[in-house]
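**Q** There's a structure below that I have some questions on.
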There are 2 protein chains.
Amino acid sequence: MHKHRIVIVGGGFGGLFAARGLCGSDYDVTLLDKRNFHLFQPLLYQVATGILTVGDISAQQRVVLRKCKNVRTLMSTAYDIDPQRKIIHHERGELAYDTLIVATGVKHQYFGHDEWRHNAPGLKTIEHALEMRHRIFRAFELAEGESDPDRRRRLLNFVVVGAGPTGVELAGALGELAQRIMVGDYRAIDSRDARITLIEGADRVLPAFDPRLSKKAQRYLEQLGVEVRTQCMVQDIAAGRVQLQQGEEVETLEAETILWAAGVQVSAFGRILAKRTGEETDRGGRFLVQPDLSLPNHPDIHVVGDLAHFSLGEGRSLPGLAPVAIQQGEYLAKTFKRRLKNKPGKPFRYFDKGSMAIIGRYRVVGQIGGMRVTGFTAWFLWAVVHVWSLIEPGQRLSVTLHWLWRFMGRTADRLITGNPPKTSNILKARGIDPKTFERAP
Amino acid sequence: MHKHRIVIVGGGFGGLFAARGLCGSDYDVTLLDKRNFHLFQPLLYQVATGILTVGDISAQQRVVLRKCKNVRTLMSTAYDIDPQRKIIHHERGELAYDTLIVATGVKHQYFGHDEWRHNAPGLKTIEHALEMRHRIFRAFELAEGESDPDRRRRLLNFVVVGAGPTGVELAGALGELAQRIMVGDYRAIDSRDARITLIEGADRVLPAFDPRLSKKAQRYLEQLGVEVRTQCMVQDIAAGRVQLQQGEEVETLEAETILWAAGVQVSAFGRILAKRTGEETDRGGRFLVQPDLSLPNHPDIHVVGDLAHFSLGEGRSLPGLAPVAIQQGEYLAKTFKRRLKNKPGKPFRYFDKGSMAIIGRYRVVGQIGGMRVTGFTAWFLWAVVHVWSLIEPGQRLSVTLHWLWRFMGRTADRLITGNPPKTSNILKARGIDPKTFERAP
């Protein structure tokens with residue numbers, strides 16, 4: 001008789017912690033992910049702003065799970081499922097499961113305006129973060145070489161759309177770059193002339209936090225030169241400009257760099273799972289899971305993390321945060337191990353350790369239990385908690401190091417990568433035949 | 001009267017050290033580079049093999065030169081020059097110079113076989129290194145999921161073309177990955193089954209080194225499972241296979257991953273400079289510079305680094321190494337500063353501190369003065385010299401940290417980045433309409 005096979009689709013927080021929890025157990029576990037690495041998403045904006053490097057916040061799943069001989073890692077994209085035959089179809093074959101954990105999360109979305117994508121990149125993957133980093137630092141480089149004052153002003157205008165934790169942290173990091181870290185780096189421009197605008201549809205930043213913390217966060221942002229616009233909607237985005245509506249007024253901001261930190265939608269595999277199982281989802285496409293995180297009509301399928309709608313009653317549900325996904329992954333591992341010993345399962349309960357948002361050095365707002373924390377203490381707590389949460393021990397050292405850098409007004413990695421224009425193309429664009437310069441044989 | 005304007009084209013070793021040397025002087029200096037960062041090229045192969053991260057070996061020029069108020073950094077690509085009017089044309093405008101330093105170096109080439117480029121990436125830029133890294137780690141990932149033994153074997157075959165320092169170090173790092181660092185990471189494959197072949201046209205590896213060191217290097221490589229083939233020529237490269245000729249014999253190697261470490265050609269701007277000035281170049285296109293690194297008929301134009309052919313007499317010239325470029329950049333800065341004091345210039349003299357190649361942990365060959373060094377001592381010396389040579393103080397700490405990792409059998413960053421295939425494309429390729437899974441509005 002074969003061992004009970006658990007397949008985990010997705011190696012984010014939910015999937016990876018489920019796999020880690022099942023390490024050494026009597027289950028045959030396969031972790032399927034389209035990437036070969038786990039991403040510490042809450043710090044992604046620090047890669048986008050040059051504070052941390054890519055390696056600091058990503059860990060190869062197979063290295064994390066190296067010692068777990070019962071866990072296999074497979075890099076491939078799941079694209080379909082047959083819940084009757086209990087088979088996952090992936091890019092490179094099929095996988096049969098006895099129990100399935102789906103942890104494919106969410107991606108960002110543009111509320112039906114996919115055409116905005118090119119002009120306002122989002123922040124869900126490493127590639128997004130690098131794209132943002134290129135755009136941010138490229139704008140400063142181009143401004144340095146620009147003689148036209150209007151164009152220079154536009155190059156130094158930055159707009160961040162969405163003032164949830166990601167948008168607030170991104171705008172704060174941008175403010176710190178411009179107001180502190182990059183001061184003195186340029187000759188023709190002053191980085192402090194950069195204008196950063198944070199747009200939010202709700203009536204305050206960090207709408208999920210205590211209103212007093214929202215107020216504090218807004219003050220911190222303003223100290224870093226960020227202009228906060230609440231109750232403000234984006235009507236349109238095009239290259240170099242964003243059209244806003246605030247009450248009755250419509251305004252167009254000219255900005256070279258527009259960054260998107262608003263709105264998520266479920267992953268492609270989430271939609272496929274919904275179709276194939278016919279299970280109920282909420283308006284956002286998240287699965288209404290049972291208290292043990294299984295699907296009502298498919299007790300062998302479990303959904304964790306951002307893809308799960310875990311009801312708290314009264315129309316409330318758990319938020320899409322890393323700690324929720326981690327605890328759900330760990331919970332499933334524990335539950336499955338109890339099953340092997342024929343112990344009954346318990347329903348999932350989330351232990352809320354609190355949430356925090358960092359806006360700059362010493363500028364952190366947080367709520368821990370019923371307590372609100374701000375300022376230096378919160379900043380220190382924030383740093384300790386985040387360093388401690390990193391997956392690989394080595395990363396703790398490296399991130400600490402890079403934060404010390406930043407503390408001293410340096411950054412780890414502001415490179416503009418992606419191939420620069422080819423000389424031959426520049427020549428062609430100017431009507432010069434590149435062959436002119438070929439050497440005689 | 002305006003200050004004397006020195007324009008430096010290219011921010012590699014030669015250009016950056018010239019700019020640093022002119023820091024605080026009475027010259028008006030502009031450093032023009034198409035990238036916003038300097039690259040520590042001798043360690044690029046360590047990024048390609050996951051040992052170091054991108055941030056470890058690249059430094060933003062403007063951060064390095066932050067305190068040099070007389071030095072301006074401009075990110076733009078130079079595409080033409082008018083030596084009569086003393087003007088550089090670049091992507092974003094023109095730059096007038098009184099004195100010009102050209103340090104645009106070389107790029108890799110395929111000896112007339114540009115069609116090999118796609119199947120055998122080279123190693124001159126960060127993008128190349130990341131491309132190599134993707135291919136190397138992707139091959140192992142695909143092998144892990146491959147059931148067909150022939151295809152699996154091909155996925156685990158690696159070919160490195162060229163056994164100069166880059167090729168030898170790359171093959172050695174690959175050998176160490178497969179034989180030591182990655183052992184135990186996979187379930188279906190054993191990384192030690194990887195077969196690494198190093199191809200060299202000359203009769204020994206490291207042809208520029210003492211023959212006894214070549215012999216030692218070859219022994220080191222073989223200890224790491226690298227198969228060395230000397231007097232072996234590449235006849236053709238296609239996707240997944242390379243055709244070799246050794247004496248009369250022709251053989252085809254099946255290998256998913258083919259890495260190119262042979263052959264360089266001058267940069268595009270180098271060719272343009274030759275055409276516009278009519279100055280003499282050697283067979284490789286490098287400029288025959290005067291003892292003061294100026295061009296014979298253009299005493300206001302100086303060429304440093306890989307683009308310069310500095311004759312040592314008897315047909316010999318200085319090699320294209322980082323220390324040569326560094327010393328030439330520093331020499332020019334010193335010479336120009338002497339001029340301000342009306343002191344006469346001295347001819348350039350290269351001080352050879354020796355050269356080393358690292359093949360793996362404790363496996364280093366080097367020659368320092370007349371002395372040959374190998375083994376642990378050489379390894380230690382190699383590490384100290386390289387860490388010391390890094391541009392930014394912070395990088396010294398970070399690189400030391402990552403080398404300690406590697407020492408302990410870890411790597412810094414083996415991520416396969418670049419967007420993975422989209423689920424909708426996978427579905428389409430399998431005849432499934434992605435719209436099937438769209439949610440009803």
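**Q** Based on what the data block shows, is B:Arg151 surrounded by fewer than 18 Cβ atoms within 10 Å (Cβ to Cβ) and touching a Lys or Arg at 6+ places or on another chain (Cβ under 7 Å)? Quick ask: steps written out before the conclusion?
**A** Details: surrounded by fewer than 18 Cβ atoms within 10 Å (Cβ to Cβ): yes; touching a Lys or Arg at 6+ places or on another chain (Cβ under 7 Å): no.
When the stated conditions are applied, B:Arg151 does not pass them.
**Q** Another question, if that's okay. When residues of the range A:233-281 are filtered for being touching a Pro at 6+ places or on another chain (Cβ under 8 Å) and among the polar types (S, T, N, Q), how many remain?
**A** Of the residues in that region, 1 qualify.
**Q** Scanning the range B:379-404 for residues that are touching a residue at least 24 places away in the same chain (Cβ under 8 Å) and out of contact with any Leu (no Cβ under 9 Å at 6 or more places or on another chain), which turns out farthest from the other protein chains (Cβ to nearest Cβ)?
**A** Of everything passing the filter in the range B:379-404, B:Leu381 is farthest from the other protein chains (Cβ to nearest Cβ).
**Q** Further question: I'm checking my understanding of the structure. Among residues of the range B:354-377 that are within 22 Å of the chain's Cα centre (by Cα) and not in a strand (DSSP E or B), which one is farthest from B:Ala208 (Cα to Cα)?
**A** Once the filter is applied, the top-ranked residue is B:Arg361.
**Q** While we're on this one: Regarding the range A:245-254, can at least one residue be identified that is surrounded by 18 or more Cβ atoms within 10 Å (Cβ to Cβ), in the same structural domain as A:Pro149 (by TED's automatic domain parsing) and among the charged types (D, E, K, R)?
**A** no
**Q** Working carefully through the options A:Thr73, A:Thr104, find the one that is buried (at least 24 other Cβ atoms within 10 Å of the Cβ), hydroxyl-bearing (Ser, Thr, Tyr) and touching a Phe, Trp or Tyr at 6+ places or on another chain (Cβ under 6 Å).
**A** Residue meeting the stated conditions: A:Thr104.
The rows are residues; the columns are (1) among the hydroxyl-bearing types (Ser, Thr, Tyr); (2) more than 24 Å from A:Phe437 (Cα to Cα).
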residue: B:Thr230; (1), (2): yes, yes
residue: B:Ile258; (1), (2): no, yes
residue: B:Ile272; (1), (2): no, no
residue: B:Arg286; (1), (2): no, no
residue: B:Asp300; (1), (2): no, no
residue: B:Leu318; (1), (2): no, yes
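**Q** Sticking with this structure for a sec: Checking B:Ala268 against (1) of a type in the set (Gly, Ala, Ser); (2) more than 14 Å from chain A (Cβ to nearest Cβ); (3) crowded, with 20+ Cβ neighbours inside 10 Å: exactly one of these is not met. Which one?
**A** (2)
Yes or no, residue by residue, for (1) closer than 27 Å to A:Arg316 by Cα; (2) modelled with pLDDT of 95 or more:
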{"position": "A:Val205", "(1), (2)": "yes, yes"}
{"position": "A:Leu221", "(1), (2)": "no, yes"}
{"position": "A:Val228", "(1), (2)": "no, yes"}
{"position": "A:Asp236", "(1), (2)": "no, yes"}
{"position": "A:Glu248", "(1), (2)": "no, no"}
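**Q** Can you say whether A:Gly55 is at the interface with another protein chain (Cβ under 8 Å from one of its Cβ atoms) and in contact (Cβ under 8 Å) with a residue 60 or more places away in the chain, as far as the supplied structure shows?
**A** yes
**Q** Okay, next question. For the range A:57-74, which residues satisfy the criterion of being in a strand (DSSP E or B) and modelled with pLDDT under 95?
**A** The answer is A:Ser58, A:Ala59, A:Gln60.
**Q** Checking A:Glu94 against (1) more than 14 Å from every other protein chain (Cβ to nearest Cβ); (2) within 27 Å of B:Leu415 (Cβ to Cβ); (3) surrounded by fewer than 21 Cβ atoms within 10 Å (Cβ to Cβ): exactly one of these is not met. Which one?
**A** A:Glu94 satisfies all of (1) more than 14 Å from every other protein chain (Cβ to nearest Cβ); (2) within 27 Å of B:Leu415 (Cβ to Cβ); (3) surrounded by fewer than 21 Cβ atoms within 10 Å (Cβ to Cβ) except (1).
**Q** Could you list, in sequence order, all residues of the range A:321-345 that are part of a loop (DSSP other than H, G, I, E, B) and either free of Cβ contacts under 8 Å to residues at least 24 places away in the same chain or under 19 Å from A:Lys107 (Cα atoms) (or both)?
**A** Passing the criteria: A:Leu321, A:Lys341, A:Asn342, A:Lys343, A:Pro344.
**Q** Another question about this same structure. For the structure I just gave you, tell me whether A:Ile88 is more than 12 Å from chain B (Cβ to nearest Cβ) and either more than 23 Å from A:Leu39 (Cα to Cα) or touching a strand residue (DSSP E or B) at 6+ places or on another chain (Cβ under 8 Å) (or both).
**A** Spelling it out, A:Ile88 is indeed more than 12 Å from chain B (Cβ to nearest Cβ) and either more than 23 Å from A:Leu39 (Cα to Cα) or touching a strand residue (DSSP E or B) at 6+ places or on another chain (Cβ under 8 Å) (or both).
**Q** Can you find a residue in the range A:244-256 that is touching a Ser or Thr at 6+ places or on another chain (Cβ under 8 Å), in contact (Cβ under 8 Å) with a residue 40 or more places away in the chain and within 24 Å of A:Ala129 (Cα to Cα)?
**A** Yes, some residue in the range A:244-256 is touching a Ser or Thr at 6+ places or on another chain (Cβ under 8 Å), in contact (Cβ under 8 Å) with a residue 40 or more places away in the chain and within 24 Å of A:Ala129 (Cα to Cα).
The values are calculated or read from the model by the stated rules, or taken from the named source; none is laboratory data. Bear in mind that the values here come from a model prediction, so they are computed numbers and not experimental data. Every residue, glycine as well, gets a Cβ built from its backbone with ideal geometry; the counts of neighbours run over all protein chains shown.
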